Amino acid sequence: MATAGLLRSPAFDGALIGGVLALALALGGVAFARPEAFAAILLFDFWLLAYPHVAATYTRIALDRRSVRENAFLLFALPPIVLAGTASAAWLGGAELLNTIYFYWQTQHYTMQSFGIARAYHRAASATRRDRLTDVVVLAFPIWGVLHRAHQAPAQFYGSPMWWPPMPRVLVGVAAAIAIGALALWSWREMRAPRGATLFVLSHVVITSVSYVAIPEVTRGWLFINVWHNAQYILFARRTPCGRSRRGSASRGARGRTRPSASRSRRSRTSRSGARFRASRGKRFRS
């Protein structure tokens, strides 16, 4: 059955969903199976995915003068605030506090990106009502994963100390039951009318489950979803050319085309006025 509501095309959406998931599972799998390869894969992730991910963000908020004005707070005010907050956290709590903030904040960041892309697929399918069941699936699996990690309470993340809140096993079980139950209901619904969002949400479920639950070691588990997140955003940010740039070029082109016409019209009016003036003078001289 053909799926509806693609973001761009079957090839693009296939790369965004299947290609990115395959890349994350492959690189994360190598780093998990061969710990000595972790540093090299992390370097690849940073230089070829994470930093371009940041650059892609700036192409969305600082492409031209108008976007710079609209996002002035994000571009000029927020970075000093973040720098001051990071320095304060390092001074107050050292690596443990920085690690803890990073882990939870990044989890929220990954989840919100999935949430936003799922919404984009929902809009692409011309849906008018909010899909709350999809929202529950997208949010429930990261919550289960974080609670599972907190119950594990590994001593270190990224080679530095990490703080975890006390987490009873029963609460992890409840979160797992909610996530799996929501997934079962969602899957039953989606099998009747698959959409572009179907495969994307499944990829989110797979990578979240692998990263936070299936992989026992927290840092190597994190690498799976970090690769997935970075590569996914780079593609998603370029799903369409920048509309504003096209509109700007089109309007400049339109203005460029109308100016000669306006100029010709003015010249024509001037020549007609001159002709009438000369004719009237000629009549007076003849009389």
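The values are calculated or read from the model by the stated rules, or taken from the named source; none is laboratory data. The shown structure was predicted, so the numbers you read here are calculated from the model rather than taken from an experiment. A quick note on method: Cβ atoms are made from the backbone with ideal geometry, for glycine too, and the neighbour counts reach across all protein chains shown.
Numerical summary
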{"item": "Some residue of segment 179-189 being at pLDDT 95 or above, under 20 Å from ILE215 (Cα atoms) and assigned to a helix (DSSP H, G or I)", "result": "yes"}
{"item": "Positions within segment 147-173 being crowded, with 16+ Cβ neighbours inside 10 Å and assigned to a loop (DSSP other than H, G, I, E, B), in sequence order", "result": "MET162, TRP164, MET167"}
{"item": "Tally of residues being under 19 Å from TYR233 (Cβ atoms) and touching a Gly at 6+ places or on another chain (Cβ under 9 Å) across segment 121-148", "result": "4"}
{"item": "Qualifying positions in segment 7-40 - under 26 Å from ARG239 (Cα atoms) and either among the charged types (D, E, K, R) or surrounded by 20 or more Cβ atoms within 10 Å (Cβ to Cβ) (or both)", "result": "LEU7, ARG8, ASP13, LEU16, ILE17, VAL20, LEU21, ALA24, LEU27, GLY28"}
{"item": "Filter result for the condition that a residue is within 19 Å of the chain's Cα centre (by Cα) and part of a helix (DSSP H, G or I), over PHE12, PHE44, PHE32", "result": "PHE12"}
{"item": "Conditions (1) hydrophobic (A, V, I, L, M, F, W, C); (2) modelled with pLDDT of 95 or more; (3) farther than 19 Å from ILE143 by Cα: number failed by ALA193", "result": "(2)"}
{"item": "Out of TRP91, TRP105, sole residue that is closer than 21 Å to HIS204 by Cβ and without any contact (Cβ under 8 Å) to a residue 40 or more places away in the chain", "result": "TRP105"}
{"item": "Options THR57, THR86, THR100; residue that is under 18 Å from THR219 (Cβ atoms) and either at pLDDT below 95 or part of a helix (DSSP H, G or I) (or both)", "result": "THR100"}
